[in-house]
């Protein structure tokens, strides 16, 4: 369950109340960042302007992001992605349609196990084999992911250029005049 879902004698509600009060009343120059796997399960009073100045959505990774995730997890396990042809790496990315970063990491781990069990040198194709037997969250929970994606498109700023058709966002920070941020504008 979410916040205040019972079973904790009201502790979650009290902690949330304290946090909401602090967010509202804190005047110190503090940068507060929180993450949520499912923002739709959070209480609306937590998300209103004045408590958080911006909400960013990451959604499913783009192909470029999937490739970077793949490279990171290969390196962590002692395999240099440069040793493999980009065509092989892109084959993994293509097979990872709808997969999140943790699932791509699992495919690397499972691919290494597949290679070991077969007595073979690890190749990106082992990751493709691992992906073929996995059901990504985006398929297993398609309706929930669709709801979260729609919410993100309507209410959040994309963390990457994933939502090409998203409208420009009006950005307002406490004590500053609102302005429209263009997609190609970087923040410092």
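The values are calculated or read from the model by the stated rules, or taken from the named source; none is laboratory data. Here the structure is a predicted model, which means the values were calculated and not measured. Every residue, glycine among them, receives a Cβ derived from its backbone with ideal geometry; neighbour counts consider all protein chains shown.
Which pairs do you get when a residue that is in contact (Cβ under 8 Å) with a residue 24 or more places away in the chain and on the phi > 0 side of the Ramachandran plot, found in the range 44-66, comes within reach of a residue that is surrounded by fewer than 13 Cβ atoms within 10 Å (Cβ to Cβ) and part of a helix (DSSP H, G or I), reach meaning Cβ atoms under 8 angstrom, with the pair 6+ apart or on two chains?
Close Cβ pairs (under 8 Å, with a partner that is surrounded by fewer than 13 Cβ atoms within 10 Å (Cβ to Cβ) and part of a helix (DSSP H, G or I)) amount to 50/24.
Please enumerate the residues belonging to the range 124-151 that are surrounded by fewer than 18 Cβ atoms within 10 Å (Cβ to Cβ), in contact (Cβ under 8 Å) with a residue 24 or more places away in the chain and over 15 Å from residue 96 (Cβ atoms).
Across the range 124-151, the qualifying residues are 144, 147, 149, 151.
Take the residues in the range 122-174 that are touching a strand residue (DSSP E or B) at 6+ places or on another chain (Cβ under 7 Å) and in a loop (DSSP other than H, G, I, E, B); name whichever of them is modelled with the lowest pLDDT.
Of all residues in the range 122-174, those touching a strand residue (DSSP E or B) at 6+ places or on another chain (Cβ under 7 Å) come to 152, 156-159, 166, 168-171.
Going one step further and asking which of them are in a loop (DSSP other than H, G, I, E, B), we end up with 156, 159, 166, 168.
Numbers: 156: 89, 159: 85, 166: 41, 168: 47.
Of everything passing the filter in the range 122-174, 166 is modelled with the lowest pLDDT.
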